[in-house]
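The values are calculated or read from the model by the stated rules, or taken from the named source; none is laboratory data. Values in this document were obtained by computation on a predicted structure and should not be read as measured data. With ideal geometry, Cβ positions are generated from the backbone for all residues, glycine too; neighbour counts draw on all protein chains shown. Keep in mind that these areas ignore ligands, DNA and RNA; they rest on the heavy atoms of the full protein, side chains included. Shrake-Rupley method; radii C 1.70, N 1.55, O 1.52, S 1.80 Å.
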Amino acid sequence: MLLAVDVGNTNISYGFFDGDQLVGHLRSESSRGRTSDEYAVLVREMMTLRGLDPTKIDGAIVASVVPPLTDTIIAFIETAFGCDPLVVGPGIKTGIRVLYETPREVGADRVVNAVAAYAWANGGVIVVDFGTATTFDCVTPAGDYLGGVIAPGIEISADALFTRASRLHRVEISRPERVVGRNPEGSMQSGIVFGYAGLVDGLCRRIKDELDYPCRVLATGGLARLIAPETESIEHVDNHLTLTGLRLIFERNVEREKPSPASHGTS
């Protein structure tokens, strides 16, 4: 069984694959205060609660955008499962070229999402990821990572609103009944949900106008299923897109007997 780990700024996602099937999914906080031993105990206990056998793990791959946590996660996997994980970065084969001015500056999660999105679309695609930041990543019809857009995340924006406006109190991020709110709670929910739907549609329209090829639009991330139905742009939501991309990258690397010096910016 393959363990795929996506280390984000807010949460860590753990995916468990039997072949190409995702058979389990866990999530924990991205806590920099935990030791590798604490992560090992936590994840093994969570697996047991979900009916997953830790002894079945025979391979692992990690994508991390939190450098201080990367070594901790690698060490926990070695301790808990006795395997040396692949880490998405220089030296790993992804199967796509990164056309960023400096390829190493692209977050590992964005490269992984691009791999999975291209496998889904088999052509030009825009990936909208509702994470700590809301990112828009563009993949060409040839499967190259072109670049993208980074906007403040929904929860970051909402937290700033609640913190900086003394008369506005924290509200649940959910769809209101109407656009025109009749109270502060409904008004803020409208601004957050419908405002971000408008942001997505506006940016997707501008991206498509700038590119010279048709693009499908795929969304992922914690709040994707809330925002996507309110947009005209998003065609499909895949909550496990990053984990799928990690599986695909793992498969492309374990097929090689000897690693090549190619970076994740080359095919």
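Quick notes on this structure:
- Cα centroid of region 147-224 to Cα centroid of region 1-50, whole Å: 28 Å
- Accessible surface of the chain, 1.4 Å probe: 47 percent of it comes from carbon and sulfur atoms.
- When only the Cβ of Lys, Arg, Asp and Glu is charged (+1, +1, -1, -1), the dipole of region 167-236 relative to its Cα centre reaches about 300 debye.
- Unit charges at the beta carbon, dipole of region 45-84: most positive-side option, Thr48, Phe76, Gly59: Thr48
- Taking label positions 7 Å along the Cα-Cβ direction at both His169 and Asn122, the computed distance is 5.4 nm, reported to one decimal.
- About its Cα centre, region 62-139 has a charge dipole of approximately 220 debye under the convention of +1 per Lys or Arg Cβ and -1 per Asp or Glu Cβ, with nothing else charged.
- For region 1-127, the relative contact order comes to 22 percent (Cα pairs under 8 Å, sequence separation of at least 6).
- Segment Glu185-Tyr213, length gained on full extension (0.36 nm per residue, minus Cα span): 6.0 nm
- Mean Cα-pair separation over length for the chain, i.e. relative contact order, pairs under 8 Å, 6 or more apart, %: 21 percent
- Estimated FRET transfer efficiency (Ser31, Cys83; beta-carbon r; R0 35 Å; 0.05): 0.95
- The per residue volume of the convex hull around the alpha-carbon atoms of region 1-55 is 74 Å³.
- Shown in residue order for region 165-179 are the 3J(HN,Hα) couplings computed by the Karplus curve 6.51 cos²θ - 1.76 cosθ + 1.60 at θ = phi - 60°: 9, 5, 9, 9, 9, 4, 10, 5, 7, 8, 6, x, 6, 9, 6 Hz (x for Gly and Pro).
- Helix axis angle, 108-121 relative to the chain longest principal axis, alpha carbon, degrees: 80 degrees
- Near Glu185: Cβ cut-off under 12 Å, other residues only, Lys/Arg at +1 and Asp/Glu at -1. The net charge is 0.
- Simple spin-label estimate for Val254 and Thr10 in nanometres, 7 Å along Cα-Cβ: 3.1 nm
- Residue-normalised accessible area of the chain, expressed per residue, 1.4 Å probe, Å²: 50 Å²
- Cα-based Rg / Dmax (Å) for the chain: 19.3, 64
- Peptides 130-143, 101-114, 47-60, 196-209, ordered by how many other C-beta atoms sit within 10 Å of their residues on average, highest first, read 130-143, 101-114, 196-209, 47-60.
- Its residues counted as N, region 1-159 yields a C-alpha radius of gyration over 2.2 N^0.38 Å of 1.07.
- The HN-Hα couplings worked out from phi for region 188-196 by the Karplus form 6.51 cos²θ - 1.76 cosθ + 1.60 (θ = phi - 60°) are 5, 4, 5, x, 6, 6, 6, x, 6 Hz, whole numbers, x standing for Gly and Pro.
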